[in-house]
1. Any idea which residue in the stretch 2-29 is farthest from V87 (Cα to Cα), counting only those that are polar (S, T, N, Q) and modelled with pLDDT under 90?
2. Which of the residues belonging to the stretch 48-65 are in contact with a helix residue (DSSP H, G or I) (Cβ under 9 Å, 6 or more places away or on another chain) and either in a helix (DSSP H, G or I) or outside the structural domain of C80 (by TED's automatic domain parsing) (or both)?
3. Go through the residues of the stretch 76-99 one by one and say whether even a single one is modelled with pLDDT of 85 or more, more than 14 Å from the chain's Cα centre (by Cα) and acidic (D, E).
4. For residues that are assigned to a helix (DSSP H, G or I), of a type outside the set (A, V, I, L, M, F, W, C) and over 34 Å from the mean Cα position of the chain (by Cα), tally how many sit in the stretch 1-47.
5. Specify the residue that is modelled with the lowest pLDDT; the eligible residues are those in the stretch 41-71 that are out of contact with any Cys (no Cβ under 6 Å at 6 or more places or on another chain) and of a type in the set (G, A, S).
6. Of all the residues that make up the stretch 66-82, how many are β-branched (V, I, T) and not in a loop (DSSP other than H, G, I, E, B)?
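The values are calculated or read from the model by the stated rules, or taken from the named source; none is laboratory data. Computed from a predicted structure; not experimentally measured. In this analysis, Cβ positions are derived from the backbone assuming ideal geometry, glycine residues included, and neighbour counts consider all displayed protein chains.
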Amino acid sequence: MEVITIETAAYRDLMLKLNTLCEYIRFFSQARDEAKAKAEKDEAWLDSNEVCKKLNISPRTLYRMKKERRISYSIFRGQCRFKYSDVEKLLHERVIVSNPATPDELRQPLKVGSNG
């Protein structure tokens, strides 16, 4: 067996570099896992009931949205399925932002698509 001796300062420097390398590996591994989980979630399929709950709409409204082609869907084994990413996109596109400065402005009816 061969014994190698090094200075204490060199050993500490080496250990610091190894710890830094381990932290980088942990960080990028965690980021990769989070990205993979997000991709899997975005590609998940929801049924009509789940979409109605997520969008807070009635089944009739969902039917009308499908008929008007405002939401995309696929049919699997005779049932409509919706991509999670499409539902999220629709949800974010329809958000109305309001930032009234006074109570009088708050009482005014909002116009769809306005930003304030």
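1. T5
2. Answer for the stretch 48-65, where residues must be in contact with a helix residue (DSSP H, G or I) (Cβ under 9 Å, 6 or more places away or on another chain) and either in a helix (DSSP H, G or I) or outside the structural domain of C80 (by TED's automatic domain parsing) (or both): S48, N49, E50, V51, C52, K54, L55, P59, T61, L62, Y63, M65.
3. no
4. The number of residues fulfilling the criteria is 5.
5. This residue is A44.
6. So the count comes out to 1.
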